[in-house]
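Working notes, structure below.
Just so you know, all these numbers are worked out from the coordinates, no wet-lab data involved. Keep in mind that what you see is a predicted model, and the values were worked out from it rather than measured. As a convention, Cβ positions derive from the backbone with ideal geometry for all residues, glycine included, and neighbour counts pool all protein chains shown.
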Amino acid sequence: MAIVSSGSPAGPARPAAPVAKPGLLDPSSAPDDATTSEDTAPLQREDSLRPRRLADYIGQRELKQVLGIAVEAACSRAEALDHVLLYGPPGLGKTTMALVLAEELGVRCRITSAPALERPRDIVGLLVNLQPRELLFIDEIHRLTRVAEEILYPAMEDFRLDLTVGKGTTARTRSLPLSPFTLVGATTRAGSLSSPLRDRFGLIQRLEFYGLDDLQAIVQRAAALLQIDIDAAAALEVARRCRGTPRIANRLLRRVRDVAAVGGHGRVGAELVQQALSLHRVDGRGLDASDRRLLHLLQHGYGGGPVGLDTLAAGLGEDPATLEAVVEPFLLQQGLLQRTPRGRVITAAGIAHLEAHPEPQAA
Ligand code: ADE
């Protein structure tokens, strides 16, 4: 079944895409400030480089295959796609995948994040405005309040809203039917999700760091969209330095483009990439100054460890949750750092990397 490569599941139920541009916020119908309070500027900047269909989405083979089957099946049954939980480090394409799913289903995607859903009416407003089979994307879903979670349970399970009307002895529960919809939740911390919420997702998928070949292809695709003339070796050099993360690859590519433009370079080669990214203190393996500071503190401040996350975070002036969810995963994946029951430990490869990059440690 050529589900993924077709990228366009056929089926009798597939509706025409709505006039509203799929995947973008529709501020005219946003309830209160639930979807508008977040900063959407980075989203818009990334938007021009995002793949729109499954067939254009490079990498994450297994994820594409699983979701491709689920989309095709949902379309053929004319049903909403089952709820999807996407987890993994930031920048790997969770939001992009939600937008791709909406495009494949031919429906609109409403985007919000858990911190914007502080008041019960924020989530209620979003839910009641959903049209049949639409996607609701909630980023950082592990940060939902308990009240918001409890509103979501019957909404996810039975497409029903249970509202309490009145107070004290006159309080009554009213049920309101909702359109069948798909919740796509994204988190960097799947372990922080409550199990009742996690159990209500029919599809739970992890996004992996990308391999070099896929990253090189992503850089070449982005370069074409940005009209940057880049050779294959240069694209590979960006791929090597982007921590397995497309969002970083695209960011680095823009920095390379700046250096190329200012230096009056034509075609971008590997040497120019090295020069441009050294300027931004991104080393040949993709580690940046904050990664090296972490390894340096671990090795020279704590004799290589073990040291607890909170101690390490305090020494770096970082928030422990950010350190754990954003900085550490790539260092762990690269085998430069280990998590042990007694704390973080630098590995032999981590020590070798520090020795190869003996730059002064910036504050
Ligand atoms: N840009 C960012 N992520 C991408 C991906 N997975 N495939 C293609 N282009 C991308």
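Across Arg344, Arg108, Arg243, mean-square fluctuation computed from a Gaussian network of the chain (C-alpha pairs under 10 Å connected) peaks at Arg344.
Kindly provide log₁₀ I(q)/I(0) values, in the same order as q = 0.17, 0.21, 0.22 Å⁻¹, from the Debye equation applied to equal alpha-carbon scatterers of segment 236-363. Computed log10 I(q)/I(0) values: -0.87, -1.18, -1.26.
Comparing Gly304, Leu354, Leu92 along the charge dipole axis of the chain, the residue lying farthest to the positive side is Leu92, per the Cβ-charge model. What is segment 108-165 by shape, rounded, prolate or oblate, if you read a ≥ b ≥ c off the alpha carbon gyration tensor as root eigenvalues and call it rounded for a/c under 1.5, prolate for a/b larger than b/c, and oblate otherwise? Judged from the Cα gyration tensor, segment 108-165 comes out oblate (a/c at least 1.5, b/c at or above a/b). Taking the DSSP bridge list for the chain and keeping only pairs wholly inside it, about 40 percent are antiparallel. Rounded, prolate or oblate: which one fits the chain, using the alpha carbon gyration tensor with axes a ≥ b ≥ c (rounded when a/c is under 1.5, else prolate when a/b beats b/c, else oblate)? Oblate shape, in that a/c is at least 1.5 and b/c is the bigger or equal ratio. Amide H to amide H distances under 5 Å link Val184 with Val84, Leu136, Phe137, Ile138, where only residues 5 or more positions off or on other chains count and H is placed in the peptide plane. Residues within the reach of a label modelled at Gln275 (point 7 angstrom out along Cα to beta-carbon, backbone nitrogen below 16 Å), restricted to segment 223-265, are 229-231, 234-235, 238, 255-265. Of Ile248, Ile218, the sequence from fewest to most neighbouring Cβ atoms within 10 angstrom is Ile248, Ile218. Potential lengthening of the chain between Asp258 and Leu332 amounts to 23.5 nm, from the contour at 0.36 nm per residue minus the alpha-carbon distance. Normalising the Debye intensity of segment 164-290 to I(0), with uniform scatterers on Cα atoms only, and taking log10 at q = 0.13 Å⁻¹ returns -0.65.
By the count of neighbouring beta-carbon atoms within 10 Å, fewest first, Cys75, Cys242 end up ordered Cys75, Cys242.
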